[in-house]
Protein chains: 2
Amino acid sequence: MTSPVGLHRVLEPGGVLPQAAWRLDTRPEIAPNEVRIRVERLNLDAASFRQLSVKHGGDGDAIRAEVLDIIATRGKMQNPVTGSGGMLIGTVEEAGRRSPLGLKAGERVATLVSLTLTPLVVTDGLAGWDGRSEQVPCAGWAILFARSVAAVLPGDLDPQLSLAVLDVCGAPALASRVVSRYVAERAVEGEARPVTVAVVGGAGKSGSLALAAARRAGAGRTVGVVPVVAEREALVAAGLADAVVLADARDPVALSTAVTSALGVPADVTVVCVDVPGCEHGAVLATADGGTVIFFSMATSFAAAALGAEGLAADVTMLVGNGYVPGHAELALGLLRGEPGVRGLFEARLAAD
Amino acid sequence: MTSPVGLHRVLEPGGVLPQAAWRLDTRPEIAPNEVRIRVERLNLDAASFRQLSVKHGGDGDAIRAEVLDIIATRGKMQNPVTGSGGMLIGTVEEAGRRSPLGLKAGERVATLVSLTLTPLVVTDGLAGWDGRSEQVPCAGWAILFARSVAAVLPGDLDPQLSLAVLDVCGAPALASRVVSRYVAERAVEGEARPVTVAVVGGAGKSGSLALAAARRAGAGRTVGVVPVVAEREALVAAGLADAVVLADARDPVALSTAVTSALGVPADVTVVCVDVPGCEHGAVLATADGGTVIFFSMATSFAAAALGAEGLAADVTMLVGNGYVPGHAELALGLLRGEPGVRGLFEARLAAD
């Protein structure tokens, strides 16, 4: 039996998992527990696209050339600077008879595991992409392992919309789980104090979903932190947070002051959803003793978070945002369907892309 | 009132907390809420010392020169490559009348906040240090803020021994908290299955304390993972784990196989205490669904952890090891006093330094 986590596809260095590998085997022939996808579109991770865009000064041709080079060299799309990838959309071309994913040929799916570990071949030179958006039309193939995660795209939603939601569906799922735990603990203790939640980057994709998820999970008061006036207006209009404040998340004093003023107290749960470095200290400082910070940005520095909390003598639990939580796809798509504010933000973002 | 977190000591860049600052103000005059310590000894963070040692090929003079240069340039000891620092031991020289730390002049203390945020001046050129050990005899001064943490050194223990324990006292405290929660949850559910714990780097300082703490917190079966035979023998002799196994923590398949074989099942709680990069995937793979990984190594990559768990479709909670947990100093010193195995490992390590 071939490895459920794809060890047999690792070319170099040996013995590591596909995500850590420098180069993957992209051959189209599948093992009995694999699935081959005919790719339609890649959705690059926001941090990765931003790095490429800044590096090449927004020159779409240069960005496209680098993405093609990365994929050709490594057999996967993994930005060597940010370490991040993204996800893809496509159609099941062949499902091995022992694949546990339950997919059938012809189904349209989104992969919910990162491109950083997905064998990928591009056959059209990304000719349909101008290099100026995270959404990359693409012809080629990709391979899923037994222990991958893929969601069949719902028929009632625009596939691009579904893809944008599924790309970040771990954030609302984990926010929901953590907030629910605080709500339950407070109920057990007969504690009437509402659970407070701050989402840094609340107008973004993962941020708006996290806000909606926190409220559904029973958060009593929520604040969305945004960096610019346009995002403030958009998030206020969406009605997803009890308060919306402007602050530079890289400025610890400004961030913690903004959050504490808006909530009346520090946050029980702070969710960091902005793809800029240097938000760790502000997030810790904005969080109550006994609270939790969920880091969902790939720009998070492990050392800055660990040493920052220690240096502030802050008794906070800090979570590495895990993109996989069981039921995450259904939860996020449910929020998109049930929360017009979420849907509006996503549609506006797609229209602007 | 001057800032409790030391903002007034940040010289550049403005608006960041001391840990993120490039350079701190080291003036010896203290504000009413500060404390000045006469420094006796620095204890460099293991990852930092290793990086310096490897960089300079073990040349003690070159290592000393670089440490002196870092401290003189930055006004604090923060390794620019690893981002980490260490801690110090000294005597309270002057305590501001508004300092909440409860320290008195003449008391011998260890600082429990990182050197990366502690204003520090060295006045003896580190003349007493050969550059070949993490323990650095040192004359000079350091400043503590209102929201710092310092422990008065216990009279019954060798100060070097106390310092070595206090340096890593966050690890056993957090391991204890997490294991206790699993034990309590299982009791509530009437679930007889023992809580299983794996400590990667179990023979090291934080690792041996974490093993002892996990057992005291009610872990039913524990395994210590070590990289070499000498450590295996030392940890077996210490009697701190139910099983001791040899494995390369950077090899995900080897690590997870070793842990699962030793415990009979994957670990409910995996604690990573080894200062080498690339242990994230193995730790995730060694942990049961619904389990928790505590990353206590400064060599941890946030992106590798986040993407690794997602790529493995692993429903694990991943914690950034916070060096501050209330009561951490007392808990760790209590383990040192009460567990001869812990004390033996620490004394052997100090003797070898």
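Taken together, the values in this text are just the output of simple stated rules run on the coordinates, not laboratory data. What you are looking at is a predicted structure, and each value in this text was computed from that prediction instead of being measured. Ideal geometry is used to build each Cβ from the backbone, glycine not excepted, and the neighbour counts take in all protein chains shown.
Alpha carbon centre of region A:187-237 versus region B:86-118: separation in Å? So the two Cα centres are separated by 39 Å.
Computed about its Cα centre, the charge dipole of region B:259-353 is approximately 240 debye, with only Lys, Arg, Asp and Glu carrying charge at their Cβ.
Would you list which aspartates and glutamates come within 12 Å of B:Lys55, measuring only between C-alpha atoms, while excluding same-chain residues fewer than 8 positions from it? Cα-Cα hits under 12 Å: B:Glu66. Only Lys, Arg, Asp and Glu carry charge here, each on its Cβ (+1 for the first two, -1 for the last two); on that basis the protein assembly as shown has a dipole of about 620 debye about its Cα centre. Coordinate range of the alpha-carbon atoms in region A:121-188 per principal axis, descending: 58, 31, 24 Å.
Among A:Asp268, B:Asp248, sorting on how many other beta-carbon atoms sit within 10 Å of each Cβ, with the fewest leading, yields B:Asp248, A:Asp268. Our coupling estimate for region B:58-69, obtained by passing each phi through the Karplus curve with A = 6.51, B = -1.76, C = 1.60 and θ = phi - 60°, is x, 6, x, 5, 5, 5, 4, 4, 5, 4, 4, 5 Hz, Gly and Pro reported as x. Along region B:230-236 the Karplus relation, 6.51 cos²θ - 1.76 cosθ + 1.60 evaluated at θ = phi - 60°, assigns HN-Hα couplings of 4, 5, 4, 4, 5, 6, 4 Hz to successive residues, with x for each Gly and Pro. Were the residues from B:Leu11 through B:Asp69 laid out at 0.36 nm apart, the gain over their Cα-Cα distance would be 19.1 nm. For A:Arg132, no residue has an amide H sitting under 5 Å from its own, ignoring neighbours fewer than 5 places away on the same chain, with H placed 1.01 Å from N. Based on alpha-carbon atoms, the Kirkwood radius and the radius of gyration of chain A give Rg/Rh equal to 0.98.
Would you mind classifying region B:170-352 by shape? Square roots of the alpha carbon gyration tensor eigenvalues, ordered a ≥ b ≥ c; an a/c under 1.5 is rounded, otherwise it is prolate if a/b is larger than b/c and oblate if not. Verdict is rounded for region B:170-352.
The modelled label-to-label distance between A:Leu157 and B:His56, using points 7 Å beyond Cα along the C-beta direction, is 5.6 nm. Within chain B, DSSP assigns beta bridges of which about 55% are antiparallel (rounded to the nearest 5).
Considering only A:Thr123, A:Thr270, A:Thr196, the mean-square fluctuation computed in a Gaussian network model of chain A, springs between alpha carbons under 10 angstrom, is largest for A:Thr123. Taking a ≥ b ≥ c as the square roots of the eigenvalues of the Cα gyration tensor of region A:196-267, is the shape rounded (a/c under 1.5), prolate (a/b larger than b/c) or oblate? Here region A:196-267 falls in the oblate category.
Listed values for region B:16-26 are Karplus-derived 3J(HN,Hα) couplings in whole Hz (6.51 cos²θ - 1.76 cosθ + 1.60, θ = phi - 60°), namely 9, 6, x, 5, 8, 6, 7, 9, 10, 7, 9, and x replaces Gly and Pro. Alpha carbon centre of region A:8-31 versus region B:263-319: separation in Å? Measuring centre to centre over Cα atoms gives 21 Å. Mean-square fluctuation check for chain A, GNM, Cα pairs under 10 Å: which of A:Gly201, A:Gly334, A:Gly90 is largest? Residue with maximal mean-square fluctuation among A:Gly201, A:Gly334, A:Gly90: A:Gly334. Taking the DSSP beta bridges with both ends in the protein assembly as shown, the antiparallel portion is around 55 percent.
Largest mean-square fluctuation among B:Val293, B:Val276, B:Val197, in a Gaussian network model of chain B whose springs join Cα atoms under 10 Å apart, belongs to B:Val276. By the count of other C-beta atoms within 10 Å, a proxy for reagent exposure, B:Glu280, B:Glu94 are ordered fewest to most as B:Glu94, B:Glu280.
Magnitude of the charge dipole for region A:10-89, about its Cα centre and with charges confined to Cβ atoms of Lys, Arg (+1) and Asp, Glu (-1), is about 100 debye. Spacing of the modelled spin labels on A:Ala230 and B:Thr123, each 7 Å from Cα toward Cβ, amounts to 5.7 nm. Charge tally around A:Leu312: other residues with Cβ under 12 Å, Lys/Arg +1 each, Asp/Glu -1 each, net -3.
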